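The values are calculated or read from the model by the stated rules, or taken from the named source; none is laboratory data. Worth saying up front: this structure is predicted, and the values here are computed from it rather than measured. We place every Cβ from the backbone using ideal geometry, glycine too, and count neighbours over all the protein chains shown.
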Amino acid sequence: MHLKRLVMACLLLPVLYTYVMYLPPEYFLFLMTLFSTIGLAEFYTMYKLKGLFLYSGLFWGAALLIVFFTVPALFLQVLLCAALATMALRLFLKRDPGGSISAVSAAVFGLVYIPSLLSFQLSLVKAGPVWIVLLYTSVWAADSMAFYVGKGIGKRKLYPEISPNKTVAGAAGSLLGGIIGAAFIKATLLGQISLPQTVIIGLAIGFSTMVGDLVESMFKRDAGVKDSSHLVPGHGGVLDKLDGVIFAGPVFYWVCLTIGLIY
């Protein structure tokens, strides 16, 4: 497990850096749409949505990201249109009304949870690709520190009903990792941000990464599955890899707006 984490980081972080820093934002939109679609498919499969109902949700998920990138003022209207279309589709696909609320709720909530929350990263990449590098570096550092500190000295359980392996020490490690990741990017790419701003960003990313991880664990326990899928050998599915950054992206964006780093 330790070796796999290090290998994945050594392979993926430089690729992400090159991809984000040297390609136009439209390429990042493609990447977000791809991973959002896979993650949304995993979420829908967890909740046993299938067939045309599932594919309709995937279409709307991709449409939301494309609209947010091209015409952000229409994003809410498209989200509401997706909700209406989902309700109508359930009405005509299956005559039995049993389970209709749970099916429609899972389909629409999936659009809010994955593509809508990931859309904040499109705003970040437009503000400057280095913000995406900072986000993912800090999320990875927070996740890694949470794992190693929790495994090394963690004893007191953080939230055993949701994630039995997470500890209070691991949570502290996540906060520390977020700061370390932010500090590394400050030292190498973003010297203009101050030390207090770096600490605030690191704490926000570390905390939201941990919460995002717990939220996805809550959904998996509700759905009765261990991993969102087995797409990534030894790591679960794409949603298992995105859980922290799904929450951290919006929080990071709001923090940057609040402290005046982006406009």
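Brief remarks follow.
- Residue 116 passes every criterion in (1) within 30 Å of residue 261 (Cβ to Cβ); (2) among the hydroxyl-bearing types (Ser, Thr, Tyr); (3) in contact with a Gly (Cβ under 7 Å, 6 or more places away or on another chain) apart from (3).
- Against the conditions (1) without any contact (Cβ under 8 Å) to a residue 40 or more places away in the chain; (2) over 18 Å from the mean Cα position of the chain (by Cα); (3) over 18 Å from residue 210 (Cβ atoms), residue 153 satisfies every one except (3).
- Only one of 118, 93, 111, 89 that is over 27 Å from the mean Cα position of the chain (by Cα), crowded, with 16+ Cβ neighbours inside 10 Å and not basic (Lys, Arg): 89
- Annotation: residue 42 fulfils all but one of (1) of a type in the set (D, E, K, R); (2) part of a loop (DSSP other than H, G, I, E, B); (3) under 26 Å from residue 228 (Cβ atoms); the unmet one is (2).
- Being among the charged types (D, E, K, R) and either assigned to a helix (DSSP H, G or I) or buried (at least 20 other Cβ atoms within 10 Å of the Cβ) (or both) is a description that applies to residue 166.
- Test: residue in segment 127-143 that is over 20 Å from residue 18 (Cα atoms) and either in contact with a strand residue (DSSP E or B) (Cβ under 6 Å, 6 or more places away or on another chain) or crowded, with 19+ Cβ neighbours inside 10 Å (or both): yes
- Residue pairs meeting the criteria (Cβ under 6 Å; at least 6 apart or on separate chains; first over 19 Å from residue 44 (Cβ atoms), in segment 71-98; second of a type in the set (A, V, I, L, M) and modelled with pLDDT of 95 or more): 74/67; 75/67
Results for (1) under 25 Å from residue 128 (Cβ atoms); (2) among the polar types (S, T, N, Q); (3) out of contact with any helix residue (DSSP H, G or I) (no Cβ under 7 Å at 6 or more places or on another chain), shown as yes or no for each residue.
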position: 168; (1), (2), (3): no, no, yes
position: 186; (1), (2), (3): yes, no, no
position: 193; (1), (2), (3): yes, no, no
position: 208; (1), (2), (3): yes, yes, no
position: 211; (1), (2), (3): no, no, no
position: 222; (1), (2), (3): no, no, yes
position: 236; (1), (2), (3): no, no, yes
position: 251; (1), (2), (3): yes, no, no
position: 258; (1), (2), (3): yes, yes, yes
